[in-house]
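The values are calculated or read from the model by the stated rules, or taken from the named source; none is laboratory data. In this text the structure is predicted, and so the values were computed from the model without any measurement. When we count neighbours, we look across all protein chains shown, and the Cβ atoms used for this are built from the backbone with ideal geometry, even at glycine.
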Amino acid sequence: MVAQKTEYENSIVPKDKLFDLRLQEIWNYRDLLVLFVRRDFVAKYKQTILGPVWFFIQPIFQTAVMAIVFGGMARLSTDGVPPILFYLAGVTAWNYFSNCLRATSNTFTANANLFGKVYFPRAVTPLSIVISNLIQFGIGMVLFLLIYIFFVITGTALHPSITLLLLPLLIVVMGFMGLGLGMLVSAMTTRYRDLQYLVEFGVQLLMYATPVIIPLSAIPAKYKPIMLVNPMTGVIETFKYGFFGAGTFSWPLLSYSIGFTVIVFLIGLAIFNKTEKNFMDTV
């Protein structure tokens, strides 16, 4: 008897290329991506009393505390920008990056049960996190723009710059920087669970090394190199300069942020794809 060769309509094989994102496969699973986005966005405050209102309350409270402590008590410079606007701009941009990083960094450990039962492109999960946080960022931007317009109407001198046109680029950089770092950490946390706690702690400290609280122009010269090495510095400064026309805008600084994002995303993708093949043996 001659054995017949079995032909399969779909074959699931490990990724043989470290930098393969399988965009076509992700597109085929776009319905699942939408479901994950809905899950991440809706489930976050589903059983809370205020619900989506928390998307407004959190940045308002963060901004108020910063305005009182750093603007009122410490009297730190805000480059002539009203403290409420200055801190809210920084908080809005920083929260998008930090939320993407923190949520993506535990992709494997948080979804181990799901990954072990059914196949789908694993990159769908971190991508859904970035998209759901993008929606939250959009809500934060609405709040920021409403307060921005209020200050303009009441006669505050604000000078938006042409660099405001770079806003879509800044959003992409923040999202992919958080995605790249998150995929890198998520791959490492399959073996070293301590990293997820280090990320939570590290992200909070890193905020103080960015111009969220104090502008780059007000940093003493001996401490400025510490802030300049932070890839988010160029993004935050450009974001604020676009809306206020005050602060520091530098193409080299922004280019450094973009270059860092590209490199860390490629490294994170490579390690994520490598870990995907056998992570169930270590989780």
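For region 177-196, which residues satisfy the criterion of being farther than 15 Å from N99 by Cβ and among the small types (G, A, S)?
Within region 177-196, just A187 meets the criteria.
Do you know which of the residues in region 197-223 that are assigned to a helix (DSSP H, G or I) and touching a helix residue (DSSP H, G or I) at 6+ places or on another chain (Cβ under 7 Å) is nearest to S98 (Cα to Cα)? Spell out how you get there, then give the answer.
Of region 197-223, the ones assigned to a helix (DSSP H, G or I) are 197-207, 216-218.
Next, only the ones that are touching a helix residue (DSSP H, G or I) at 6+ places or on another chain (Cβ under 7 Å) stay: 199-200, 203, 207, 216.
Working: V199: 10, E200: 9, V203: 7, M207: 9, L216: 20 Å.
Checking each candidate, the answer is V203.
Do we find that G234 is at positive phi and out of contact with any Asp or Glu (no Cβ under 8 Å at 6 or more places or on another chain) in this structure? Outline the logic, then answer.
On the way: at positive phi: no; out of contact with any Asp or Glu (no Cβ under 8 Å at 6 or more places or on another chain): yes.
Spelling it out, it is not the case that G234 is at positive phi and out of contact with any Asp or Glu (no Cβ under 8 Å at 6 or more places or on another chain).
Restricting to helices (runs of 4 or more DSSP H) lying wholly in region 1-75: which have 2 or more residues that are at pLDDT 70 or above and basic (K, R)? Give the steps one after another, and end with the answer.
Working: elements: 23-28, 30-42, 54-66.
Of the helices (runs of 4 or more DSSP H) lying wholly inside region 1-75, those with at least 2 residues that are at pLDDT 70 or above and basic (K, R) span 30-42.
Select from region 135-184 the residues that are outside any helix (DSSP H, G or I) and either touching a Cys at 6+ places or on another chain (Cβ under 9 Å) or of a type outside the set (S, T, Y) (or both) and list them in ascending order.
G155, A157, L158, H159, P160
Any chance region 82-100 includes a residue that's surrounded by fewer than 21 Cβ atoms within 10 Å (Cβ to Cβ) and part of a loop (DSSP other than H, G, I, E, B)?
yes
Tell me, please, whether a residue that is at negative phi, among the aromatic types (F, W, Y) and part of a helix (DSSP H, G or I) can be found in region 116-125.
As a first pass, look at region 116-125 and keep what is at negative phi: 116-125.
From what is left, the residues that are among the aromatic types (F, W, Y) are 119-120.
Filter again for part of a helix (DSSP H, G or I), leaving none.
Scanning region 116-125, I find no residue that is at negative phi, among the aromatic types (F, W, Y) and part of a helix (DSSP H, G or I), so the answer is no.
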